[in-house]
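J.: Below: one structure in structure tokens.
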Amino acid sequence: MATTNNNYVLGKGEVYFAQFKPGTQTPGGERYIGDTPELALTIETQDLDHFSSDRGIREKDDSTTLEVTRRGNMTCQNIDPKNLALFFFGASSVLAQVVATVADEAFNDVEVDHWYQLGVSASNPTGVRELDIHTAGPPAKNVVIMKAAVEMVEGTDYELDMVLARFRPIPGGAIANGDDLTVDYKTKAATRDHVISGSSAIEGQLRLISRNPKGKNYDYTLPWVKLTPNGDFALKGEDWMTIPFNIEALRKTGLEAIYLDGRAVAGA
């Protein structure tokens, strides 16, 4: 009776990505992407067949591969700024805000019951965050909003969000549709994650380190991949957020597209 030793595998593992340094194909340090419930590779080929035509019916007597395409897909549940930057073709950073006092920021032709963001500019289109108390008082004032020469009253004429630095004219207050306002405010020193989208695929090296609960562990290294978005990134829903990616595995000069390594056995 034949004896078989099948390697039945339940695949699990950690995915690491090392983005190429700007203008090069040199990977930096490998960053753990985070929890990736799905990772799959698809390899497709296109062949050119040859058929004998000397006698009788044509029969295939040779075939050669013209091209091979290596693609894959991955979903990530680690909603991290660096992973979001990969999805948006962009870059992530930590945006630093300094203490500043701003006077007479203009908001013209406002509408009641609409929100307005403080600190928006061409260089900072998302505005400021984290307001400080503008005037210690008494009475203390978080911001000063003026309509012409008349100061508006917080809680009566407008609602204020000190964390997000936004205000809303309250229906029934002294602010009417079409009014022009000026705002004085003060910002705290603060930092926040910041991602800006781009238009070029992110390239680097991808590595899967297997952590299989069943079966032998094999680690996969793809020296050159392009990561691109793959479908919807649901900003709202009733399930855990996931970031979907396409993977294109390419051949780097002097290397192959995919390498597989078993675990080393010491002393063998």
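The values are calculated or read from the model by the stated rules, or taken from the named source; none is laboratory data. Not measured: the values here are computed from a predicted model. Cβ: placed from backbone, ideal geometry, glycine included. Neighbour counts: every protein chain shown.
J.: For region 138-155, state whether one or more residues are touching a residue at least 40 places away in the same chain (Cβ under 8 Å) and surrounded by 18 or more Cβ atoms within 10 Å (Cβ to Cβ).
T.: The answer is yes; a qualifying residue exists.
J.: I would also like to ask the following. Would you mind telling me which numbered condition in (1) surrounded by 11 or more Cβ atoms within 10 Å (Cβ to Cβ); (2) basic (Lys, Arg); (3) part of a strand (DSSP E or B) LYS82 fails?
T.: Every listed condition holds for LYS82 apart from (3).
J.: Please find, among GLY204, GLY198, the residue that is within 29 Å of the chain's Cα centre (by Cα) and modelled with pLDDT of 95 or more.
T.: Just a single option satisfies the conditions, and that option is GLY204.
J.: Take the conditions touching a helix residue (DSSP H, G or I) at 6+ places or on another chain (Cβ under 7 Å), assigned to a strand (DSSP E or B) and in contact (Cβ under 8 Å) with a residue 12 or more places away in the chain and apply them to LEU260. Does it pass?
T.: no
J.: Another one. Looking only at region 59-75, count every residue that is surrounded by 10 or more Cβ atoms within 10 Å (Cβ to Cβ) and under 18 Å from GLU248 (Cα atoms) and tell me the total.
T.: Adding up the residues that qualify gives 8.
J.: Looking at (1) assigned to a loop (DSSP other than H, G, I, E, B); (2) closer than 18 Å to THR26 by Cβ, which is the one condition that is false for ASP232?
T.: Failed condition: (2).
J.: If we keep just the residues of region 228-238 that are within 17 Å of ASP80 (Cα to Cα) and out of contact with any Phe, Trp or Tyr (no Cβ under 8 Å at 6 or more places or on another chain), which is surrounded by the most Cβ atoms within 10 Å (Cβ to Cβ)?
T.: ALA234
J.: Only one of (1) in contact with an Asp or Glu (Cβ under 9 Å, 6 or more places away or on another chain); (2) surrounded by 17 or more Cβ atoms within 10 Å (Cβ to Cβ) fails for ILE247. Which number is that?
T.: Result: ILE247 passes all but (1).
J.: Being loosely packed, with under 11 Cβ neighbours inside 10 Å and more than 43 Å from the chain's Cα centre (by Cα) is the filter here; which residues of region 40-58 pass it?
T.: Within region 40-58, ASP49, SER53, ASP54, ARG55, GLY56, ILE57 meet the criteria.
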